[in-house]
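So the structure is just underneath, and the comments pick up after that.
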Amino acid sequence: MKAAVYRQYGPPEVVRIEELARPEPRENEVLIRVRASTVSSADWRVRSLKVPAGFGLFARPVLGMFGPRKAVLGTELAGEIEAVGSAVRKFKAGDAVFAFPGFDMGCHAEYRTLPEDGRIMPMPAGVSFEEAAAISFGGSTALHYLRDRAKAKPGDDVLIIGASGAVGSAAVQIAKHLGARVTGVTSTPNLERVSGLGADRVIDYTKTRFLEGGEKYDIIFDTVGSTSFSACESALKEDGRLLLSAAGLPQILASSWASRRGKKGVVSGNATESVEHLRYLKELVEAGQYRPLIDRTYPLERIVDAHAYVDAGRKRGSVVITMA
Ligand SMILES: NC(=O)c1ccc[n+]([C@@H]2O[C@H](COP(=O)([O-])OP(=O)(O)OC[C@H]3O[C@@H](n4cnc5c(N)ncnc54)[C@H](OP(=O)(O)O)[C@@H]3O)[C@@H](O)[C@H]2O)c1
């Protein structure tokens, strides 16, 4: 099978298309013929080792000391079940599915095996493989932070910084679904796009100092790592929470320290990857309350161009790659 493989950390050009052996499903596994995947911000970080400040020391021990331990990137996919192991009961050949191996990676290939009890779900009705492939990464991170950690509820005022990214664009839609009043922060070219996702209000961060306008929020979700507790404190309501999904270690430590007194809280750390998230997101898609935002689509053969576009840090939602 064809796969996008990288054997050293570095720029987009370290990724090459190679022929690899097609994996065989074990008795409890399904073999998925991958139709689409995404190049996400996680692929960019893992490929380049550009991790948030303070996490550099941990990157190589976790990802591979002298080179990548996992040669095929890709956190999410959509495709069709090609074959199933003898003990598999939930899926059969021909089923259309989407899946989120997450940091197990391996989706930038024509085939991927997964346990039937893994993070895999029938595809929502009425979406393409390209859309289904882009459901999980942003959607699951947004669910983890907004629903699971911050317990967002109807009537909450939620500010989302980076509302045009994969996480931010999902967060806008999920916060609306949870009943919040949503303000999205983005730059001039993305204002309309973020309104189109359902934000009640959008603010252009290139023109407005959005934390100094006097508005107070129950939740500030910084999806890009551009702020801190000290900067947000006066914009948080009395028991407001600051969610830092992309912060560096100094930012996290300083924010946690600054918030230690009083009711305002800080939430950070890696998002949980769970099959329940996929079930929830599937239902949201089918109810018309969540549609992943897609920026561009590249064929697998142009994976280097896809990485280069993601590296620029300006993508809107997801960059999808398709397999023939
Ligand atoms: N903690 C976790 O488990 C977890 C999970 C997923 C992702 N992450 C991290 O979260 C971050 C975001 O991920 P992503 O996939 O959403 O990234 P992404 O899609 O690459 O984000 C790109 C978007 O960020 C916006 N942006 C950049 N600087 C901004 C700023 N100063 N203010 C507002 N918007 C800004 C850009 O909009 P403009 O062009 O308009 O500026 C662009 O649309 C990454 O650092 C990723 O590593 C963490």
Protection proxy (average C-beta count within 10 Å per residue), highest first, orders 288-299, 162-173, 207-218 as 162-173, 288-299, 207-218
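Per DSSP H run of at least 4 residues, take -39500 (n - 2.57); add these up for the chain, divide by its residues and hand me the 222 nm value, nearest 500 deg cm²/dmol.
Rounded to the nearest 500, it is -6500 deg cm²/dmol.
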Determine which lysines satisfy two conditions relative to Lys216: a Cα distance under 30 Å, and not lying fewer than 8 residues away in the same chain.
Lys151, Lys153, Lys176, Lys207, Lys237, Lys263, Lys264, Lys315
In the range 210-249, whose amide N lies under 20 Å from the spot 7 Å out along Cα-to-Cβ of Arg261? List them in ranges.
229-242
Using θ = phi - 60° and the Karplus relation 6.51 cos²θ - 1.76 cosθ + 1.60, list the HN-Hα couplings for the range 245-261 in order, rounded to whole Hz, with x at every Gly or Pro.
8, 10, 7, x, 4, x, 5, 5, 5, 5, 5, 5, 5, 5, 9, 5, 9
Cα principal axis extents for the chain, largest first, Å
58, 44, 36
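Provide the gained length on full extension for the span Arg209 to Phe103, in nm with one decimal, where the gain is 0.36 nm per separating residue minus the Cα-Cα distance.
Full extension of this stretch gives 34.6 nm more.
How many percent of all Cα-Cα pairs in the range 1-148 sit more than 27 Å apart?
Working: 2634 of 10878 pairs.
Looking at the range 1-148, the distances longer than 27 Å represent 24 percent of pairs.
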Need one word for the range 131-203: rounded, prolate or oblate. Basis is the Cα gyration tensor (sqrt eigenvalues a ≥ b ≥ c); a/c below 1.5 gives rounded, then a/b vs b/c decides.
oblate
Rounded to two decimals, the Debye log10 I(q)/I(0) of the range 137-267 (Cα scatterers, no solvent) at q = 0.20 Å⁻¹ is -1.13
Find the centroid of the Cα atoms in the range 1-58 and in the range 165-222, then give the distance between the two in whole Å.
31
Taking the convex hull of the Cα atoms, report for the range 1-85 its projected area averaged over all directions, in nm².
6.4
By how many degrees, between 0 and 90 and to the nearest 10, does the Cα long axis of helix 166-177 differ from the longest principal axis of the chain?
70
What does the charge dipole of the range 137-267 about its Cα centre add up to, to the nearest 20 debye, if the Cβ of each Lys and Arg holds +1 and the Cβ of each Asp and Glu holds -1?
280
Highest average packing first - 9-16, 315-322, 258-265, Cβ atoms within 10 Å:
315-322, 9-16, 258-265
Residues of the range 47-86 with amide N under 17 Å of a point placed 7 Å along Cα→Cβ from Lys2
72-74, 78-80
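Please find the FRET efficiency linking Lys153 to Glu80, where r is the Cβ-Cβ separation and R0 is fixed at 45 Å, and quote it to the nearest 0.05.
Computed FRET efficiency for Lys153 and Glu80 comes out at 0.70.
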How big is the antiparallel share of DSSP beta bridges in the chain, given as a percent to the nearest 5?
50
With the crude spin-label approximation of a point 7 Å out along Cα→Cβ, what separation in nm comes out for Asp305 versus Leu249?
3.9
Pick out, from Ala21, Pro68, Val5, the residue whose Cα sits farthest towards the positive end of the charge dipole of the range 1-135, with +1 on the Cβ of Lys and Arg and -1 on the Cβ of Asp and Glu.
Pro68
Quick one: grab Rg to one decimal and Dmax as a whole number for the range 247-324, Cα atoms only, in Å.
18.3, 56
Estimated inter-spin distance, Glu286 and Ser230, nm [label 7 Å along Cα→Cβ]
4.9
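None of the figures in this text is laboratory data; all of them are computed from the coordinates on show. Treat the numbers as computed from the prediction; the structure is a model and nothing was measured. Reconstructed Cβ throughout: ideal geometry from the backbone, glycine too, with neighbour counts over all protein chains shown.
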